[in-house]
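Sharing a structure below in structure tokens format, with a few things to ask.
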Amino acid sequence: MDQIFIGWGVGYLGNGATNAVFPITIVALALCLMIGDGGAAYLSLKLGEGDIASAKRGVGNAIVMVVVVSIVLASVFLIFIDPILTLFGATDTLREYALQYGTIIGVGLPFMMIPGAVNSMIRADGSPKYAMLSMALGAVVNTILDPVFIFVFHMGVQGAAIATVIGQVATFVMAVTYLFRFKTFRIDRSAFRMKVKTCTTVLSLGVSSFITQFAITIVMALTNNLLVSYGALSIYGSEIPMTATGIVMKVNQILISILVGIAVGAQPIIGFNYGAKDFTRVKKALDIALVASEIIAIIAFLIFQFAPMSVVSLFGSEEGLYNEFAVKAFRIFLMLCPLTGFQTVVAVYLQAVGKPLKSAILSLARQIILFVPAAEVPGCGRCALDRACGRWPGLPAVGWIADL
């Protein structure tokens, strides 16, 4: 929502600045999901085994871990914000906007991460509607306040960041309130006594979720820097490619979030029945999740291929080279998104049944092992010699860049 309102209220430079901040929020999401999804998988497996004491300890240890990690991450980001933004591709033109937006987002990271982790365990406790309402509350608050701060109070990217943090606080309050009303057990002080074995198991079960999200950070950092570097040699300049590609990646992240939502919705059912050795129900839940995710992925593919401007136009009124680049980016970068549905569900399934290594390998293969080395492969290099040709050197793995 920030991206949409900033696009209309500030322009594509504001959106470019949020793209430089976006990777740190993905790092935060990766860490909170590793702890939260790991805690949820641990909870489901132990409930299926009938081990209530271990289930309670897993939830308590996960909560302590996410609180500590969120405070440490926020502190590190705020202290080193300038070099971090440079690492993620912020140009001199975008830096002021990025600092304004990023400083406020950094302060709010704990209010993003703690409810993100807790909501995963709320779902596993048998209250998916509560978890959904908790997240929806923050989204609605953010959506209402964004236009107020941007268009009424003219606060620009700072207003968008403040709206985001207020929405996160609303979700935080609702999620933390649930801790006192767990269905399967009553949380007490004993649950928060840290056990190395419990923490290790929780983190290992959630490592696939971490890799899936953290890989996006690596991809964005690499791609942003390549786009800024090679964009300066093309007719598009540095800011247009980075901004347009950032929007493509955020839209792709929305698609992945929907697919992950389907997968983690099935996760408690799969984990509980796997722990109870009811494999017929495990297979049925997996089949439903696979079919639902593929339907969503195919619908997204049709929109990206045949109506990309309907998505691009949501993020502001631009024209010319910006729209040309954005349309090509959507069509080619997201060409194989139907395969993402299958990969996402299977990765979460392997996590849910206690096979974190296989899940991690599957997540790593698509986003790191194959993408990163290929993105560095050089191409014809003609753009370095002829700035007017409008073509880009290499990067065949990024796909659409090679065509451009």
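The values are calculated or read from the model by the stated rules, or taken from the named source; none is laboratory data. Since this is a predicted model, take the numbers as computed values, not measurements. Please note: Cβ atoms are built from the backbone with ideal geometry, for glycine as well, and neighbour counts cover all protein chains shown. Protein only, heavy atoms only, side chains kept; ligands, DNA and RNA dropped before computing areas. Shrake-Rupley method; radii C 1.70, N 1.55, O 1.52, S 1.80 Å.
Any idea what the dipole of the chain comes to, in debye rounded to 20, about its Cα centre with Lys/Arg Cβ at +1 and Asp/Glu Cβ at -1? Don't skip to the answer; put the middle values down first.
Numbers: 26 positive and 20 negative charges, 339 e Å.
Once rounded to the nearest 20, the dipole reads 1620 debye.
For a quick check: with amide H placed at 1.01 Å from N, whose amide H comes under 5 Å from Ile187's, ignoring anything fewer than 5 positions away on the same chain?
Phe182
Would you mind computing, in nm to one decimal, how far apart the modelled labels at Ile369 and Lys284 are, each placed 7 Å from Cα along Cα→Cβ?
3.4
Taking R0 as 60 Å, what's the FRET efficiency between Ile298 and Val152 from their Cβ-Cβ distance, rounded to 0.05? Write out the running numbers ahead of the final one.
Details: r = 40 Å, r/R0 = 0.67.
Between Ile298 and Val152 the formula returns 0.90.
Further question: Against the longest alpha carbon principal axis of the chain, how many degrees, from 0 to 90 and to the nearest 10, is the axis of helix 156-178 turned?
10
Oh, and also: Which one of Pro241, Val69, Ala160 is farthest out on the positive end of the charge dipole of the chain, using unit charges on Cβ (Lys, Arg +1; Asp, Glu -1) and the Cα centre as origin?
Going by the charge dipole, the pick is Val69.
Please compute the contact order of the chain in relative form: average sequence separation of alpha-carbon pairs under 8 Å and at least six residues apart, divided by the residue count, as a percent.
Numbers: 676 pairs, mean separation 91.5, N = 404.
Over the chain, the number comes to 23 percent.
Oh, and also: How many angstrom separate the Cα center of the range 136-195 from the Cα center of the range 239-292?
Result: 23 Å between the Cα centres.
I would also like to ask the following. What is the extension gain from Leu87 to Ile218, computed as 0.36 nm multiplied by their sequence separation minus the C-alpha to C-alpha distance, in nm to one decimal?
Working: separation 131, 0.36 × 131 = 47.16 nm, distance 1.04 nm.
Length gained, Leu87 through Ile218: 46.1 nm.
Another one. Applying 1/(1 + (r/R0)^6) with R0 = 25 Å to the Cβ-Cβ distance of Val76 and Ile187, what FRET efficiency is obtained, to the nearest 0.05? Could the numbers behind the result be given before it?
Numbers: r = 29 Å, r/R0 = 1.17.
It comes to 0.30.
Sort Glu324, Glu96, Glu319, Glu239 by heavy-atom solvent-accessible area, probe 1.4 angstrom, most to least.
Numbers: Glu324 75, Glu96 125, Glu319 150, Glu239 40 Å².
If we order Glu324, Glu96, Glu319, Glu239 from most to least accessible, we get Glu319, Glu96, Glu324, Glu239.
Let me have the 222 nm mean residue ellipticity of the chain computed from DSSP H runs of 4+ only, each contributing -39500 (n - 2.57), with the sum over all residues rounded to the nearest 500. It would help to have the intermediate numbers written out before the result.
Details: 17 runs with 308 residues, N = 404.
For the chain, the value works out to -26000 deg cm²/dmol.
Heavy atoms of the protein only, probe of 1.4 Å, neighbouring chains included. What is the accessible area of Leu87 in Å², nearest 10?
Looks like 100 Å² after rounding.
OK, next. Kindly express, to the nearest 10 degrees and within the range 0 to 90, the angle between helix 128-147's C-alpha long axis and the longest C-alpha principal axis of the chain.
Computed tilt is about 30 degrees.
So for Phe304, Phe192, Phe279, what's the accessible-area order with a 1.4 Å probe, most first? Please list the in-between numbers first.
Details: Phe304 10, Phe192 80, Phe279 110 Å².
Greatest to least solvent exposure: Phe279, Phe192, Phe304.
Here's a follow-up. Kindly report, to the nearest 10 Å², the accessible surface of Lys183 as traced by a 1.4 Å probe over protein heavy atoms only.
Result for Lys183: roughly 140 Å² accessible.
What size of dipole, in debye to the nearest 20, comes out for the range 165-272 about its Cα centre when the only charges are +1 on Lys and Arg C-beta atoms and -1 on Asp and Glu C-beta atoms?
Numbers: 8 positive and 2 negative charges, 153 e Å.
Here the size comes out at about 740 debye.
Moving on to the next point. So if R0 is 56 Å, what FRET efficiency would Val196 and Glu319 give, r being the distance between their Cβ atoms, rounded to the nearest 0.05?
Details: r = 58 Å, r/R0 = 1.03.
Computed FRET efficiency for Val196 and Glu319 comes out at 0.45.
Of the labelled options [x] 167; [y] 125; [z] 154, which one gives volume of the Cα convex hull per residue in Å³ as computed for this structure?
[y]
Starting from the Kirkwood Rh over alpha-carbon pairs, what translational D in µm² s⁻¹ does the range 222-363 have by Stokes-Einstein at 10 °C and 1.306 mPa s? Mind showing how you got there, number by number?
Values: Rh = 16.8 Å.
Translational diffusion coefficient: 95 µm²/s.
Cα centroid distance between the range 16-59 and the range 117-135, in Å?
When both Cα centres are located, 12 Å separates them.
Relative to the longest principal Cα axis of the chain, at what angle does helix 239-275 sit, 0 to 90 degrees, rounded to 10?
With rounding to tens, the tilt is 20 degrees.
Past 25 Å, Cα to Cα: identify those pairs from Lys56/Lys283; Lys129/Lys355; Lys183/Lys277, in the order given.
Distance filter (> 25 Å) returns Lys56/Lys283; Lys129/Lys355.
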